[in-house]
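Engineer: Shown below is the structure under consideration.
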Amino acid sequence: MLDVPHLRVLLAVAQHRSISAAAHALSYSQSAVSRRITALEHEVGTPLLLRGSRGVRPTPAGEALIEHARVIMRQLALAEERVRALAGTAGGRLRLGAFASANAGIVPELFSRFSRRYPAVRLSLCAGGPADHLASLRAGELDLALVTEWDLAGERFDGLSLLRLMTDEQLVALPAGHRLAGPGPIGLSELREETWIEGAHPDCLGPLRELCLGLGFEPRVGLCCDDWYGKQRMVAAGMGIGLFPALAVPSLGPGLALRSLAGQFPPRDVYLVLPDRDSRAPATGPLTAVLLELVTGLQDR
């Protein structure tokens, strides 16, 4: 039977593409890492790594074993968490991936409520785009992810489950002193001369272009800003206007005015994505329950 510590070393070498870097990450000596890899190769009867001047890379047999090792490590972690949960001794961990406006809007309150009720569960918020989050869920490197329907086009969901959470209205953010800043809704056609600020991902403006073309004009997109709060400051400084999800209104900074888009811009649905049931961390259910409680309260306002 394969030795689990040897598999951990193989995964570290595969991740870092270097014996020395893997040794540093594991707090081992380089010779100890090399001995474990050699022992593992002896166990399976074939080379697992190719060593060269630019580091190491897996052989085909190594790639196959690495793929299985990732699944094994994920299952071992789940087993440990479930046993501890049954024993009532610990809460395990949860790793959540989310889009920028959710991080600024509901995630802080979600984590706060959950931590008050389940203080033993270690929470972490993972950076990355929607495609990164889905890949991480499949690889067992993430436990849950918040995505929008704009993120889902063209994606595969084998091995994953989707739970629709809420509908998120899209507002337009203007500088507070803008000529169009004021009460009430505004039509897209009134914004034909404005410059839009793009967000972190190419689809952050959603169907804006198609909607504007339907009204007879092409929207002008200027700056691209990857940071949610940076984008707000750019709008406040008069560098352009931007879409602002209602979900993120709690994060609204100074110098901005929000207006409804008069029903001309469709809302987007927000989803929770989880691994299939057999692969879920024990605390996934409680966090999902707190999240549903939170979004229900938002929609009842």
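Engineer: Do you know which residues across the stretch 29-53 are at pLDDT below 85 and of a type in the set (S, T, Y)?
Structural biologist: Scanning the stretch 29-53 gives a single hit, S53.
Engineer: Got at least one residue in the stretch 266-280 being under 19 Å from the mean Cα position of the chain (by Cα) and over 23 Å from E149 (Cβ atoms)?
Structural biologist: Yes.
Engineer: So, in the stretch 215-262, exactly how many residues are among the small types (G, A, S) and either in the same structural domain as F157 (by TED's automatic domain parsing) or under 25 Å from L292 (Cα atoms) (or both)?
Structural biologist: Summing the residues that are among the small types (G, A, S) and either in the same structural domain as F157 (by TED's automatic domain parsing) or under 25 Å from L292 (Cα atoms) (or both) in the stretch 215-262 gives 3.
Engineer: Which residues, counting only those in the stretch 140-175, are loosely packed, with under 12 Cβ neighbours inside 10 Å and at pLDDT 90 or above?
Structural biologist: R164
Engineer: Quick one: what pairs do we get from the stretch 243-266, first residue assigned to a helix (DSSP H, G or I), second among the acidic types (D, E), C-beta under 9 Å, 6+ apart or different chains?
Structural biologist: Taking only residues 6 or more apart or on different chains, the pairs are A246/D168; A246/E169; L247/D168; L247/E169; A248/D168; P250/E109.
Engineer: Taking the condition free of Cβ contacts under 8 Å to residues at least 60 places away in the same chain and more than 29 Å from R93 (Cα to Cα), does S18 pass? Spell out the reasoning first.
Structural biologist: Details: free of Cβ contacts under 8 Å to residues at least 60 places away in the same chain: yes; more than 29 Å from R93 (Cα to Cα): no.
So S18 fails the test.
Engineer: Every residue in the stretch 132-168 that is small (G, A, S) and farther than 25 Å from Q75 by Cβ, please.
Structural biologist: Those that are small (G, A, S) and farther than 25 Å from Q75 by Cβ: A153, G154.
Engineer: Looking at the stretch 288-299, I want the residues that are of a type outside the set (V, I, T) and have a partner that is at pLDDT 80 or above and in a helix (DSSP H, G or I) with Cβ atoms under 7 Å, at least 6 apart or on another chain. Which pairs are those?
Structural biologist: Pairs found: L291/L110; L294/E109; L294/L110; L294/R113.
Engineer: Is the stretch 113-124 home to any residue that is under 13 Å from the mean Cα position of the chain (by Cα), outside any helix (DSSP H, G or I), β-branched (V, I, T) and not assigned by TED's automatic domain parsing to the domain that holds R192?
Structural biologist: No, the stretch 113-124 contains no residue that is under 13 Å from the mean Cα position of the chain (by Cα), outside any helix (DSSP H, G or I), β-branched (V, I, T) and not assigned by TED's automatic domain parsing to the domain that holds R192.
The values are calculated or read from the model by the stated rules, or taken from the named source; none is laboratory data. As the structure is a computational prediction, the values presented were derived from the model and not from experiment. When we count neighbours, we look across all protein chains shown, and the Cβ atoms used for this are built from the backbone with ideal geometry, even at glycine.
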